[in-house]
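The values are calculated or read from the model by the stated rules, or taken from the named source; none is laboratory data. Bear in mind that the values here come from a model prediction, so they are computed numbers and not experimental data. Here the Cβ positions follow ideal geometry from the backbone for every residue, glycine too, while neighbour counts run over all protein chains shown.
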Amino acid sequence: MTIEPPEPRTDGQQPTVERGGLWGLFFAAAGLLLPPFGVVLSVLGIFQGHRARKAAKQAKGVAPGALLSQVLGWIGVAVSILALIGYAVFWQEYTEYRACTARAHTESSQQACDLALREGIAERAGVPVESVPQITAGG
């Protein structure tokens, strides 16, 4: 990888711009926003960024966003893997919470479900309940 700008063409034309890097950047950013299911989009971002960089190198052009799409793609893969590990570790607590909230018809029963989830996570993680963030309703 070089930081030098593409060499000017002898025929006076602008250097070739490979637009695939921008698509890779779009895929990688979307994958980063949708963990754990965004792992597929993150991998597409990595692949598209690699293809764009390779095509730009062969055409002696530039591929804006290609390197960034690869970096964001790998970050998205890492975040997705961490999210999947979190689901696997806390699956029982999650399913109990989902069932509890389905039965909760009042605010106090919803708060009891929230507390039970926090207690379950704290017990599984081996930390005090106070260190687990409270669950707040949107708004």
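Looking only at residues in the stretch 35-76 that are among the hydrophobic types (A, V, I, L, M, F, W, C) and under 18 Å from T16 (Cβ atoms), the one that is surrounded by the fewest Cβ atoms within 10 Å (Cβ to Cβ) is A59.
Any residue at all in the stretch 39-54 that's on the phi < 0 side of the Ramachandran plot, in contact with an Asp or Glu (Cβ under 6 Å, 6 or more places away or on another chain) and not polar (S, T, N, Q)? Talk me through it step by step, then tell me what you get.
Initial filter on the stretch 39-54 (on the phi < 0 side of the Ramachandran plot): 39-54.
Subset that is in contact with an Asp or Glu (Cβ under 6 Å, 6 or more places away or on another chain): 52.
From what's left, not polar (S, T, N, Q): 52.
Yes, the stretch 39-54 has at least one match.
Residue selection: L115 satisfies the criterion of being more than 30 Å from V17 (Cβ to Cβ) and not acidic (D, E). Residues in the stretch 77-93 that are surrounded by 16 or more Cβ atoms within 10 Å (Cβ to Cβ) and closer than 30 Å to F27 by Cα: V77, V79, S80, A83, F90.
The one condition from (1) over 30 Å from G120 (Cα atoms); (2) surrounded by fewer than 14 Cβ atoms within 10 Å (Cβ to Cβ); (3) among the charged types (D, E, K, R); (4) modelled with pLDDT of 90 or more that E4 does not meet is (4). Among the residues of the stretch 63-77, are any touching a Ser or Thr at 6+ places or on another chain (Cβ under 6 Å), outside the structural domain of I121 (by TED's automatic domain parsing) and over 29 Å from R124 (Cα atoms)? The answer is yes; a qualifying residue exists.
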